[in-house]
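The values are calculated or read from the model by the stated rules, or taken from the named source; none is laboratory data. What you see is a predicted model; the values in this text were computed from it and never measured. When we count neighbours, we look across all protein chains shown, and the Cβ atoms used for this are built from the backbone with ideal geometry, even at glycine. Remember, those area values only see protein heavy atoms, side chains included, never the ligands or the DNA or RNA. Shrake-Rupley method; radii C 1.70, N 1.55, O 1.52, S 1.80 Å.
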Amino acid sequence: QLQASGGGLVQPGGSLRLSCAASGSISSFDVMGWYRQAPGKQRELVARVTTNFGANYADSVKGRFAFSRDNAKNTIYLQLYSLKPEDTAVYYCNLGRTGTSLDYWGQGTLVTVSS
C-alpha cells in the first residue's frame with residue numbers, strides 16, 4: 001500500500017515536496033515513478049526511475065523536478081521547484097517490479113499552482 005502526501009496550494013515559482021510512503025520495503029522494486037493527471041487530461045508520466053536505465057523525466061519538468069528515495073524510510077519523493085500553473089494536477093506515485101504483476105499506485109495528492 002502506498003500513501004502519497006505533500007500536495008497543496010502554492011504560488012507560481014514556489015516549491016513542494018511530495019512523499020509516497022510504502023507499507024513495506026521498497027528495495028525490491030526496480031521501477032519507481034510519479035505520474036500526474038490534470039483536469040480533463042490523461043494521466044502522464046512525470047518521472048520514472050528504473051534500476052537498468054536510471055531516471056527519465058517528462059520534458060515539461062526537466063530541470064525543475066527531482067526524484068529521490070529513502071530505502072530506510074520506504075519512501076520515494078518528488079521535489080517540485082519553479083512550479084507553474086500548468087503543473088496543477090493530481091500526482092500519483094507508482095512502484096513496480098519488472099517481470100511480475102506487482103504494480104502499486106498511491107491514492108494521489110493534489111498540487112494546485114495558482115496566485
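Points worth noting:
- When restricted to residues that are modelled with pLDDT of 95 or more, assigned to a loop (DSSP other than H, G, I, E, B) and over 16 Å from residue 113 (Cβ atoms), the range 31-89 contains 6.
- Criterion: under 14 Å from the mean Cα position of the chain (by Cα), farther than 16 Å from residue 105 by Cα and in contact (Cβ under 8 Å) with a residue 60 or more places away in the chain - qualifying residue of 18, 80, 9, 2: 80
- Pairing residues of the range 50-63 that are over 27 Å from residue 84 (Cβ atoms) with residues that are among the hydroxyl-bearing types (Ser, Thr, Tyr) and open to solvent by less than 30 Å² (accessible area, probe 1.4 Å), at Cβ distances under 6 Å and at least 6 apart in sequence or on separate chains, gives no pairs at all.
- Candidate set from the range 63-79 (those that are of a type in the set (Gly, Ala, Ser) and surrounded by 12 or more Cβ atoms within 10 Å (Cβ to Cβ)); member that is farthest from residue 24 (Cα to Cα): 66
- Any hit, the range 42-53, residues being open to solvent by 20 Å² or more (accessible area, probe 1.4 Å), within 17 Å of residue 109 (Cβ to Cβ) and among the β-branched types (Val, Ile, Thr): no
- Some residue of the range 98-105 being open to solvent by less than 20 Å² (accessible area, probe 1.4 Å), at pLDDT 95 or above, touching a strand residue (DSSP E or B) at 6+ places or on another chain (Cβ under 8 Å) and closer than 17 Å to residue 37 by Cα: no
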